Amino acid sequence: MTERRRITPVILSGGSGTRLWPLSRSGRPKQLLALTHAETMLQLTVARTADAARFTAPTIVANAAHTDEIERQLDVAGIAAGALILEPAARNTAPAIALAAFAAEPDAILLVMPSDHVIADLDAFHAAIERAVPLVEAGWLITFGIAPSAPEIGYGYIRRGEAIAPGIQRVERFVEKPDRATAEAYLAEGVYSWNGGIFLFTAASYIAALETHAPSIAAAGRAAIDKAVSDGTRLHPDAPSFGRSPDVSIDYAVMEKADRVAVVPVDMGWSDVGSWDALHELAVKDLDGNAHHGEVVAIDTTDCLIRSEGPLVAAVGVKDLIIIATRDAVLVLPRGDSQQIKRAIEALKRDGHVTLHEPW
């Protein structure tokens, strides 16, 4: 009997995350915060692959500015990283994954996961992974399609095509974030999944796809790892080499162009926690529909998310609000419209405001 290969988790932790401002800043991004549990998003992500019989120690691709905090959080969680690859510059997901692929053995099976998502049903997630492994070993690139629960306009979609194995379908096409009418049509048609940005493939298959469809990314990633400097588990890719890589997502660079791309539909209680509205939906609420965190007093208040990281917040006679207070900033906006936070971020960027960049 052939012993099955263990899977290497590749956790992408390079994002700066401002959609949850003022809590999330470029210096302390969403994945390093405790938002839904006592553990941080990164700690929860790493814990999904804690079974040493099936998974190796994780490879974490991260912003070099967050190194010390990542290592501290892993130590608190009792987790040892196999490698911590420190991006010398932000270049999007395709180049980040290229670093992990070139640093791995060619036949390594890589499970690529963002570090800031929620997955409530781990059994469903693990079962989907196992369904995909035989195709991965045959050279396919796999993405996991999230079962849509609403006509969400904030996600990309995957149109599923012909079945190629039990519970696996060929990807017919990837589609961009739709408008409301289009999203409703996708949901009614029943052949679309949300694109959750989770992938499974061998290092060799991903590198081959890059060399075919995005050779400049492949060349930059290979050179950056060939010239990398190792410091214990820390790996510092060569900055000039990596800097020559285009800034492109894995979807644009590879998944939309490669031939053998398949999707595993899965309903696993997934959320990218991409807005304060999403966090309100996930949170435990009181009988009035309010989600509280920190020192909060709510009187005659309904359906609000109220979170304080310091000062007392008193809300009286309000409803459907998001109220977020930190030591140096307060955000108030209507619940259901939290994507409008980008307007505040744009204004803060124009002013060069320090509240976007608060470090640990």
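Values for this structure:
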item: Region 13-22, subset in contact with an Asp or Glu (Cβ under 9 Å, 6 or more places away or on another chain) and open to solvent by 10 Å² or more (accessible area, probe 1.4 Å), residue modelled with the highest pLDDT; result: Gly14
item: Any hit, region 319-326, residues being without any contact (Cβ under 8 Å) to a residue 40 or more places away in the chain, assigned to a strand (DSSP E or B) and either of a type outside the set (A, V, I, L, M, F, W, C) or surrounded by fewer than 12 Cβ atoms within 10 Å (Cβ to Cβ) (or both); result: yes
item: Per-region count, region 226-253, residues among the aromatic types (Phe, Trp, Tyr) and open to solvent by 80 Å² or more (accessible area, probe 1.4 Å); result: 1
item: Selected residue (criterion: surrounded by the fewest Cβ atoms within 10 Å (Cβ to Cβ)) from residues of region 98-116 that are at pLDDT 95 or above and farther than 18 Å from Phe55 by Cα; result: Phe102
item: Selection within region 130-153 - surrounded by 15 or more Cβ atoms within 10 Å (Cβ to Cβ), farther than 19 Å from Glu172 by Cα and at pLDDT below 95; result: Pro151, Glu152
item: Single unsatisfied condition, Thr182 versus (1) open to solvent by less than 10 Å² (accessible area, probe 1.4 Å); (2) without any contact (Cβ under 8 Å) to a residue 12 or more places away in the chain; (3) of a type in the set (Val, Ile, Thr); result: (1)
item: Subset of region 254-278 [open to solvent by 30 Å² or more (accessible area, probe 1.4 Å), touching a strand residue (DSSP E or B) at 6+ places or on another chain (Cβ under 7 Å) and assigned to a loop (DSSP other than H, G, I, E, B)]; result: Glu256, Arg260, Gly269
item: Within region 85-194, strands (runs of 3 or more DSSP E) holding 2 or more residues that are closer than 30 Å to Asp238 by Cα; result: 109-114, 141-146
item: Which numbered condition Pro95 fails, given (1) open to solvent by 10 Å² or more (accessible area, probe 1.4 Å); (2) of a type outside the set (A, V, I, L, M); (3) within 24 Å of Phe174 (Cβ to Cβ); result: (1)
item: Residue check for Ala185: hydrophobic (A, V, I, L, M, F, W, C), farther than 14 Å from Ile146 by Cβ and out of contact with any helix residue (DSSP H, G or I) (no Cβ under 9 Å at 6 or more places or on another chain); result: yes
item: Residue that is modelled with pLDDT of 95 or more, small (Gly, Ala, Ser), buried (at least 21 other Cβ atoms within 10 Å of the Cβ) and on the phi < 0 side of the Ramachandran plot, where the choices are Ala223, Ala218, Ala127; result: Ala218
item: Residue that is more than 22 Å from Ala214 (Cβ to Cβ), over 19 Å from the mean Cα position of the chain (by Cα) and not charged (D, E, K, R), where the choices are Ala188, Ala147; result: Ala188
item: Thr45 vs. criteria under 16 Å from Ala96 (Cα atoms) and at pLDDT 90 or above; result: no
item: Any hit, region 282-291, residues being in contact with a Cys (Cβ under 7 Å, 6 or more places away or on another chain) and surrounded by 16 or more Cβ atoms within 10 Å (Cβ to Cβ); result: yes
item: Answer residue from region 296-311, given it is in a loop (DSSP other than H, G, I, E, B), at pLDDT 95 or above and of a type outside the set (Val, Ile, Thr) and is nearest to Pro334 (Cα to Cα) among those; result: Cys304
item: Residue tally, condition of a type in the set (D, E, K, R) and open to solvent by 40 Å² or more (accessible area, probe 1.4 Å), over region 23-60; result: 3
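The values are calculated or read from the model by the stated rules, or taken from the named source; none is laboratory data. These numbers come from a predicted model, not from an experiment. All Cβ positions, glycine included, derive from the backbone under ideal geometry; neighbour counts span all protein chains shown. With ligands, DNA and RNA removed, areas are computed over all heavy atoms of the protein, side chains included. Shrake-Rupley method; radii C 1.70, N 1.55, O 1.52, S 1.80 Å.
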